[in-house]
Every structure is written in structure tokens, then in C-alpha cells.
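Just so it is clear, none of the values below were taken in a lab; they were calculated from the coordinates. This is a predicted model, so every value here is computed, not measured. Reconstructed Cβ throughout: ideal geometry from the backbone, glycine too, with neighbour counts over all protein chains shown.
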Amino acid sequence: MCLNIVWAVMILFSAVCAVVLGRGALVLDAAMQGADGAVTLVLSLCAMFALWSGIMKVVEAAGQQDVLSRLLLPVVSRLFPQASRSQQCRNAVTANLTANMLGLGNAATPAGLKAVGLMKELNGDSLVASDEMCMFLVVNMSSIQLLPASVISLRAAAGSANPVDILLPAFLATLVSTLFGVAAARLLAPLFPPKKPL
Amino acid sequence: MSNYTAPLLAILLTGYALLRGVRMYDVFVQGALEGLHTAFGILPYLLTALVAVELMKVSGAMDILTAVMRRPMQLLGLPAELTPFTVLRPFSGSAALAALQDIYVTQGPDSLAARIASAIMGSTETIFYTLSLYFGAHRIQKSRHTLPAALVSMLAGMIAASLFCRIL
């Protein structure tokens, strides 16, 4: 994973800088302070995480997701015409997208994995991603989140006067990122023709 | 409006859940448990990221990175204090959350930098992680235009977040 490299570079770079700039004595304290900060952060997140996922579990059980997925149907069949021909695949795609929108990460991942697997089958089990698979990942990665709950709870914990005032800018930004992602996926697809892997 | 929003949502949700015959208490407890698992589940990731961020700050590495990133950040319309957060965001959600918390502490949770970072956190994803998760699990070897398109979408989201936080 690339994170292995990123982290190693961060540590190495810091250590070299500390030696060159003569700040070596501060290194151990800083590491401890970082670890300490993480524990404090998690403790402050616990309450909101528990509360939110309780609420979201009720939303999930009540089937509010179904209402959202019915609204999404026309969009899904436009973006993924091939995948929509299989009922099973379309359901997996919709389930993943709605779970993502509601911030239900635990429900989104299995549905997304299933969707990609079914799309691969529809693509003749090729090891090269189809246009729709690329589109699905891009839409996923542009994250149409309706409620960034962890950000709001973190801001509240930090003593923000109005933690929810980022809802509107975040929503508009997420809309822009998704639109650009979809457009880029469409426009870039012909530049990356599906060739067989080596 | 804020006087009505929360109670109204509570009434709607509870009413709908009761109508659908959901065992609300059991379900809520189950959800709360999962939330606690999530919170403690991300602790090792947060800890690892925060240690590295703290080391970079103390050693002066962060100053160098910020200086190098000054121009690109300016081009995106992002405050320079967002550098570590912006660099970490595509790699790891927990690491970005840790960097976000660092901005809240050093700049204040209501500063422009904090608001922009919050909006970016809510509008972008960990693209490298998602890519390796979804395509890796199905052994897709050629991801074709997925990464460039995702990067375009992320940059657009960052610029939009900065813009909307300034005017709203």
C-alpha cells in the first residue's frame, strides 16, 4: 500500500530535518504528544460516533434508504446502462451509492465490492476495467455525502460556535466534485483504450 | 429554523420507524455499539498519523513542505495551513481526520482554514485507498482513466470547497 511509503517518507524526512536543524532532542516528546493527541481525539469522538451510528442504524432499519434509492434509479441507469441491465448489479450499485450518501460506510463497502465483481462478470471477466467500472469508482471517490457526521462532531468537540455551518459549502463542493468526476471519466475514457494487461 | 430542525427530524424518524415496525431500542443500541467499535477501530490509524504529523512539525520538516507547496496551494486558492491535510487526504481518512483536528486546535474550529478543510473532508474521498480496495479485491490490473478522473474530481472539490466557504 502507498501509505507504507508515505508514512516512511514522513518519518525519515522529519528525522533528517531534526538532525540537520539541531532539533533531535524534541523528537521523542513530539512522538509521545502525537500519540497522546490521538487518544484524546478518539475519546472525544466516541460519544458522537455512538450517537450517530445509533441514529443511522434506525434509518437503515426503517428502510429510508429505499426511498433514496428509488430517487437515484434514473441517474444510475443513465450512468451505468450496461450494469443496469442486470437487476442484481443495479441493486448493488444503488445500495452502495445510497449508503455512501448517508455516510453508512459499513454498508457501502460490501455493496460496492459486489457491484464491481458483477460488473467484471458482465465485462467477460477481463482484468482490464470497463468504462462503467471506472465511472463507478470515480463516482464513489468523489463521495456524494449528504451529512459529513464525523466532521461535524469533531468540530463540535473542538468548541465550534456553529459546527453545522459547513453543511451547505460541503454539499455544494461535493456536488461540484462529483460533476467534474463524471465529466472527466466520460472525456478521459477514449484516451485510455482498454488494452490487455501484460 | 434550528429551533425546529432537530425535533422535527426526530419526530419524522421515530414515526416512520414505528410505522415500519422497527424495534428502535434494540437497533439503536446495536448501532451505538458499532459506532464505538469504529471510534476505537480508527485509533491505531489516527495515532500513527498524528505521530508522523507531530514529528514533521517539531523537526521543521513541515515548514519545508509548506514552503514547497506554497505555490500549488495558492493556485488552488487554499490557505497554506492546509498543506499537511491536503497531502494526506487522498491516502487515508484517519490521517486526514488527524490533520483536520490539528487545524482545529492550531487555527480554531471556526477559522476560514478550518471551515475549508471541513468542507474538503466532507466532499472528497481517500482515492488511493478506494482504488486499491475495489480493484484490488477483484484483481483488476488496468484501472485506465480511473485515477486521473478521480484526481480531477478531487481538485475540483477542493477549489469549490475553498470558494463556497469564502462566499457562504
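Data table
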read-out	value
The protein assembly as shown, helix-only ellipticity at 222 nm - DSSP H runs n ≥ 4, -39,500 (n - 2.57), divided by all residues, nearest 500	-26000 deg cm²/dmol
GNM top mover of A:A15, A:A62, A:A157 - chain A, alpha-carbon springs below 10 Å	A:A15
GNM result for chain A, Cα springs below 10 Å: residue of A:A183, A:A156, A:A31 fluctuating most strongly	A:A31
Around B:L78: net Lys/Arg minus Asp/Glu count, Cβ-Cβ under 15 Å	+4
DSSP H segments from chain B that extend 27 Å or more along their own axis, Cα-based, with Kyte-Doolittle mean of -0.5 or above	B:146-167
Calculated diffusion of the protein assembly as shown, Stokes-Einstein form, Kirkwood radius summed over Cα pairs, 37 °C and 0.692 mPa s, µm²/s	153
Environment charge at A:N91 (Cβ cut-off 13 Å; Lys +1, Arg +1, Asp -1, Glu -1)	+3
Inter-chain Cβ neighbour average for residues A:69-78, partner chain, 10 Å	0
Segment A:133-198 versus segment B:38-74: alpha-carbon centroid distance in Å	22
Chain A: DSSP helices with Cα axial extent of at least 18 Å and average Kyte-Doolittle hydropathy no lower than 1.6	A:2-20, A:167-188
Pairwise label distance in nanometres, B:L168 with B:R139, each label 7 Å out on the Cα-Cβ vector	4.5
Averaged over B:80-87, number of beta-carbon atoms from partner chains that fall within 10 Å	0
Contact order normalised by residue count of segment B:22-168, Cα under 8 Å, 6+ apart, percent	22
Contour minus Cα-Cα distance for A:L12 and A:D36 (0.36 nm per residue)	6.5 nm
Two-site FRET efficiency, B:A6 against A:L28, from Cβ-Cβ distance with R₀ of 41 Å, rounded to 0.05	0.35
Rg followed by Dmax, in Å, when segment B:43-167 is reduced to its Cα trace	15.0, 44
Within-13-Å neighbourhood charge of A:A38 [Cβ basis; K, R +1; D, E -1]	-3
Computed over segment A:64-123: relative contact order in percent, which uses C-alpha pairs under 8 Å that are six or more apart	31
Extension gain from A:R70 to A:L175, taking 0.36 nm per residue of separation minus the Cα-Cα distance	35.9 nm
Pair B:V105, A:L113: separation of 7 Å Cα→Cβ label points (nm)	3.4
Among B:T126, B:T146, B:T14, residue whose mean-square fluctuation peaks in a GNM of chain B (springs only between Cα atoms under 10 Å)	B:T14
Peptides B:84-94, B:66-76, A:42-52 ordered by average Cβ neighbours within 10 Å, highest first	B:84-94, A:42-52, B:66-76
Cα pair count fraction exceeding 20 Å, expressed as % - segment A:32-144	49
